[in-house]
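Worksheet: one structure, shown below.
Bear in mind that the values in this text are calculations on the coordinates, not laboratory data. For clarity, every value in this text was computed on a predicted model and none was experimentally measured. Ideal geometry is used to build each Cβ from the backbone, glycine not excepted, and the neighbour counts take in all protein chains shown.
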Amino acid sequence: MTAADFQHPSTCTVHPVQAADLPAVAAIHGHYATRTAACAQEEALPVAWWRRRADELAGLGLPFLVAQLDRRVIGYGLIAPWKPGAVYRHTGEVSMYLDPAWVDHKISQPLFDRLLAEAATAEVHQLIGTVGHWGPGADRAIAAARRWGFTQVDVLPQVIYAHGRWMDLHLLQRQVPHHPKQPE
Ligand SMILES: CC(C)(COP(=O)(O)OP(=O)(O)OC[C@H]1O[C@@H](n2cnc3c(N)ncnc32)[C@H](O)[C@@H]1OP(=O)(O)O)[C@@H](O)C(=O)NCCC(=O)NCCS
């Protein structure tokens, strides 16, 4: 199936990442790392790095999911600790990256719905989204995050230097519903 034939995100399935998915995850990340400021790296990361990342998140009970169409990985989403330090233990940062052929097809919605459900299970109370403003793709990411229930809380000017220029970082946040442990 090609992006042009695509009908509805319900045909896309969402699964916990498996070792066999990691080369596709690394390729998707590498596309954005080398061309945009959508991620924190300017270079692609090796599959071994992604294997360690998957193990780290599994050890913390945090979700790392892939979206598949016809058994092909077309995107991934994960929740990582927002900052180091015990006081931030109930705050997670969402990252989501789709194969560029599949952006703007609402694929992100089922992936985000599952991340949100798993965030509650992992006792995440607040979710942070950070979007580096590198171009129109960043406006798409901000629009998608608003649809997922995030509110923009701030813009940090020129905290990113990537691919030879300064960029602003948009900070977004939403609460996770039904968190079993309320903050004291
Ligand atoms: C961000 C991303 C995960 C969103 O997933 P998606 O499935 O493409 O998003 P959707 O199709 O659900 O929604 C895209 C929204 O952006 C809007 N949009 C598209 N292009 C836009 C643009 N240039 N400017 C503003 N809004 C735009 C669409 O209208 C839609 O908004 P709506 O839901 O209000 O109609 C995906 O586009 C992606 O992987 N982007 C590249 C990586 C990235 O930037 N990740 C975010 C950093 S964590």
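Helices that extend 24 Å or more along their long axis by alpha-carbon positions and average at least 0.5 on the Kyte-Doolittle scale are absent among the DSSP H runs of the chain. Contact order, relative form, for the chain: 20 percent (alpha carbon pairs under 8 Å, 6 or more residues apart, mean separation divided by residue count). Taken over the stretch 14-93, the alpha-carbon convex hull comes to 96 cubic angstrom per residue. Diffusion coefficient (Stokes-Einstein, Kirkwood radius over C-alpha pairs, 10 °C, 1.306 mPa s) for the stretch 3-175: 97 µm²/s, rounded to a whole number.
The distance between label points at THR151 and THR121 comes to 2.9 nm (points 7 Å beyond Cα on the Cα→Cβ vector). Just to verify a number: FRET efficiency for GLN158 and THR13, C-beta to C-beta distance, R0 = 35 Å, to 0.05? Once rounded, the FRET efficiency stands at 0.30.
Note on LYS83 and ALA101: the extension gain reaches 3.3 nm, defined as 0.36 nm multiplied by sequence separation minus the Cα-Cα distance. Charged side chains reduced to their Cβ positions (Lys and Arg at +1, Asp and Glu at -1) give the chain a dipole of some 60 debye around its Cα centre.
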